[in-house]
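**Q** Below: one structure in structure tokens.
The values are calculated or read from the model by the stated rules, or taken from the named source; none is laboratory data. In this text the structure is predicted, and so the values were computed from the model without any measurement. Cβ coordinates were reconstructed from backbone atoms using ideal geometry, including for glycine residues, and neighbour counts include every protein chain displayed.
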Amino acid sequence: MNYVVLGAGPAGVTAAETLRSVDKNASITIINGEDEPQPYSRMAIPYYIYGKIDETGTYLRQQEGHYDKMGIAYRVGRCGGVDPQAHKLHLTGGEAISYDKLLIATGASPIIPNMPGSNLEGVHTCWTLEDAREILKHADEGAPVVLVGAGFIGSIILEALYLRGCKITIVEYAPRMVARMMDETAGGMLGRWCKKKGVDVRVSTKVEAIREGSDAEGAKLTVELSDDTCVPAALVVLAVGVRSNTGFLVGSGIETNHGIKVDNHLKTTAPDVYAAGDCCEGIDLSTGKPDMLAIQPVAVEHGRLAALNMAGKVTPHEGSLNMNVLDTMGLISSSFGLWQGAPLGKTARLIDEENFKYLKLEFEGDKLVGAQCVGMTDHVGMLRGLIQTGFHLGEWRDTLLETPERLREAYLAVAQSRPNYGPAAPHTNTPIAKAG
């Protein structure tokens, strides 16, 4: 069997390794669209930016010769198209590569906002190792930096730039930080926390243009904002979102929406072609519907399941839990499942604005279906366990509606009533940003 894995992120690498574990004699090739010597983790880039690791520390597998030892061929090339009928993919250099089974794990790319100056020197996204190399040329200690976007990715970058000692201004079009992950209370807490740490936070604000030149010391750019102010910058980092890498599939017959359409075995609409990770629409566990869950644990899960199905080990995808955990300069926040709430559901809240603590629980019937936390790290494993398993809480639901701080008691009571379900591992050593 000749397996080809298009994409060298967590989904692609996990898939290749899984294929080898179940098919010892197959030919397996990973094709990386970036010209890098090893597959790496985007989640490790912030650590590289602030100096905790070097470039090799971002590599997904640290053992020297890992892929060679597993008999997995690694190569670099950009895909220009896929021909499912001929079972071939075509690289942009003209080479055609044959496959028996193909996995598309091409991930996503950052969106470049349509505004004057987005292509100037000193204006960068922060998505690839090459982006990080460029950012390090400008992100000196004390350098004025404008971060455009305060979503999940933007907040990860914020942490790294803060630890480098940059003078940061956040510009966010939404009315709060991490608006797609947190409600007004949680997002407001993050904004106040950032201001307390010396970050200038501008929400409900748009960048109108980026211009060359500035009178401010250490700045070479001027960022014009919708509030009629201008901010000097040595560096502008664009973090306004990502979109799936699917453009090369035009004309292939492989159906796409926001991402590649797949069934519950991660198979596309083309024969012998599967998809995994940020480029595909897998099942959201909370809704039962296809959705883009662009987080690393989901990519890993997709990669493993797709590989098993490619190898004939039929394994349905039951759905992935949408979960994000974020460290914003020491303040841990998280969201899980239907954090915005369920129709006709009930909500419990515990708020301590002064101490930056918040717990919000969302119920549908007597099941916990969504949650948010700020400054309460001990709850992460319990919330994930209760939401992912869908256990009925019974009378504990009413108890938590009145006293959400009794979550641990409720969790232990439910866990102990089910012999095959033990308590989650304690949550420790939260990294700069963790999804999953």
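**Q** Test T205 against the stated conditions and say whether it is of a type in the set (V, I, T), part of a loop (DSSP other than H, G, I, E, B) and modelled with pLDDT of 95 or more.
**A** Taking the combined requirement at face value, the residue satisfies it.
**Q** Let me ask something else. For the stretch 91-98, state whether one or more residues are charged (D, E, K, R), in contact (Cβ under 8 Å) with a residue 40 or more places away in the chain and surrounded by fewer than 19 Cβ atoms within 10 Å (Cβ to Cβ).
**A** So the first thing to find is which residues in the stretch 91-98 are charged (D, E, K, R), and the list is 95.
Going one step further and asking which of them are in contact (Cβ under 8 Å) with a residue 40 or more places away in the chain, we end up with none.
No, every residue in the stretch 91-98 fails to be charged (D, E, K, R), in contact (Cβ under 8 Å) with a residue 40 or more places away in the chain and surrounded by fewer than 19 Cβ atoms within 10 Å (Cβ to Cβ).
**Q** While we're on this one: Could you look through the stretch 229-259, keep only residues that are outside any loop (DSSP other than H, G, I, E, B) and under 17 Å from the mean Cα position of the chain (by Cα), and pick out the one that is nearest to F152 (Cα to Cα)? Explain how you work it out, then say what you get.
**A** Of all residues in the stretch 229-259, those outside any loop (DSSP other than H, G, I, E, B) come to 230-233, 235-238, 242-244, 247-249, 256.
Filter once more, keeping what is under 17 Å from the mean Cα position of the chain (by Cα): 238, 242-244.
Details: L238: 13, V242: 11, R243: 14, S244: 16 Å.
Out of the qualifying residues, it is V242.
**Q** Here's a follow-up. Contact list please: Cβ distance under 8 Å, first residue in the stretch 56-72 and modelled with pLDDT under 95, second residue surrounded by fewer than 15 Cβ atoms within 10 Å (Cβ to Cβ), pairs at least six apart or on different chains.
**A** Short answer, once both residue conditions are applied: Q62/T56; Q63/K69.
**Q** Now for a different question. For S334, work out the one condition from (1) surrounded by 21 or more Cβ atoms within 10 Å (Cβ to Cβ); (2) outside any strand (DSSP E or B); (3) not aromatic (F, W, Y) it doesn't fulfil.
**A** The number of the failed condition is (2).
**Q** Also: Please work out if E141 is in a helix (DSSP H, G or I), charged (D, E, K, R) and not assigned by TED's automatic domain parsing to the domain that holds Y50.
**A** Taking the combined requirement at face value, the residue does not satisfy it.
**Q** Considering only the stretch 368-376, I want to know if a residue exists there that is surrounded by fewer than 17 Cβ atoms within 10 Å (Cβ to Cβ) and over 21 Å from T287 (Cβ atoms). Give the derivation first.
**A** First pass over the stretch 368-376, keeping only residues surrounded by fewer than 17 Cβ atoms within 10 Å (Cβ to Cβ): none.
No, the stretch 368-376 has no match at all.
**Q** Taking D327 as meeting all but one of (1) more than 21 Å from the chain's Cα centre (by Cα); (2) modelled with pLDDT under 95; (3) not hydrophobic (A, V, I, L, M, F, W, C), write down the number of the exception.
**A** Only one criterion is unmet by D327, namely (1).
**Q** How many residues are in contact with a Pro (Cβ under 9 Å, 6 or more places away or on another chain) and either buried (at least 21 other Cβ atoms within 10 Å of the Cβ) or touching a residue at least 12 places away in the same chain (Cβ under 8 Å) (or both) if we restrict to the stretch 174-187? Before the answer, list the steps.
**A** If we filter the stretch 174-187 for residues that are in contact with a Pro (Cβ under 9 Å, 6 or more places away or on another chain), which is where we start, we get 184, 187.
From the residues that got through so far, the ones that are either buried (at least 21 other Cβ atoms within 10 Å of the Cβ) or touching a residue at least 12 places away in the same chain (Cβ under 8 Å) (or both) too are 187.
Residues in the stretch 174-187 being in contact with a Pro (Cβ under 9 Å, 6 or more places away or on another chain) and either buried (at least 21 other Cβ atoms within 10 Å of the Cβ) or touching a residue at least 12 places away in the same chain (Cβ under 8 Å) (or both): 1 in total.
**Q** Still on this structure, please answer the following. Which one is farthest from L161 (Cα to Cα), of the residues in the stretch 185-220 that are touching a helix residue (DSSP H, G or I) at 6+ places or on another chain (Cβ under 9 Å) and not charged (D, E, K, R)? Steps first, answer last, please.
**A** Taking the stretch 185-220 and keeping what is touching a helix residue (DSSP H, G or I) at 6+ places or on another chain (Cβ under 9 Å), we get 190, 194, 197-201, 203.
Add one more test, that the residue is not charged (D, E, K, R), and what stays is 190, 194, 198-199, 201, 203.
Values: L190: 16, C194: 13, G198: 12, V199: 11, V201: 14, V203: 19 Å.
Residue satisfying both the conditions and the ranking: V203.
**Q** Next up: Within the stretch 198-228, can you find the residues that are of a type in the set (S, T, N, Q), surrounded by fewer than 17 Cβ atoms within 10 Å (Cβ to Cβ) and more than 25 Å from the chain's Cα centre (by Cα)? Please lay out each step first, then the result.
**A** Keep residues of the stretch 198-228 that are of a type in the set (S, T, N, Q), which gives 204-205, 214, 222, 226.
Keeping just the survivors that are surrounded by fewer than 17 Cβ atoms within 10 Å (Cβ to Cβ) gives 204, 226.
Hit for the stretch 198-228 is S226, nothing else.
**Q** Given (1) among the hydrophobic types (A, V, I, L, M, F, W, C); (2) at pLDDT 95 or above; (3) in a helix (DSSP H, G or I); (4) in contact with a Cys (Cβ under 9 Å, 6 or more places away or on another chain), identify the lone condition not met by L308.
**A** Failed condition: (4).
**Q** Sticking with this one: Report those strands (runs of 3 or more DSSP E) wholly inside the stretch 37-121 carrying at least 2 residues which are of a type in the set (G, A, S) and touching a strand residue (DSSP E or B) at 6+ places or on another chain (Cβ under 7 Å). Let's see the steps before the verdict.
**A** Values: elements: 72-76, 79-83, 88-91, 96-98, 101-104, 108-110.
Counting at least 2 such residues, we get 79-83, 96-98, 108-110.
**Q** Can you pull out the residues in the stretch 159-177 that are within 27 Å of G341 (Cβ to Cβ) and touching a Phe, Trp or Tyr at 6+ places or on another chain (Cβ under 6 Å)?
**A** none
**Q** Next question. Please verify whether H317 is touching a Cys at 6+ places or on another chain (Cβ under 9 Å), modelled with pLDDT of 95 or more and closer than 30 Å to M1 by Cβ, treating the condition exactly as stated.
**A** no
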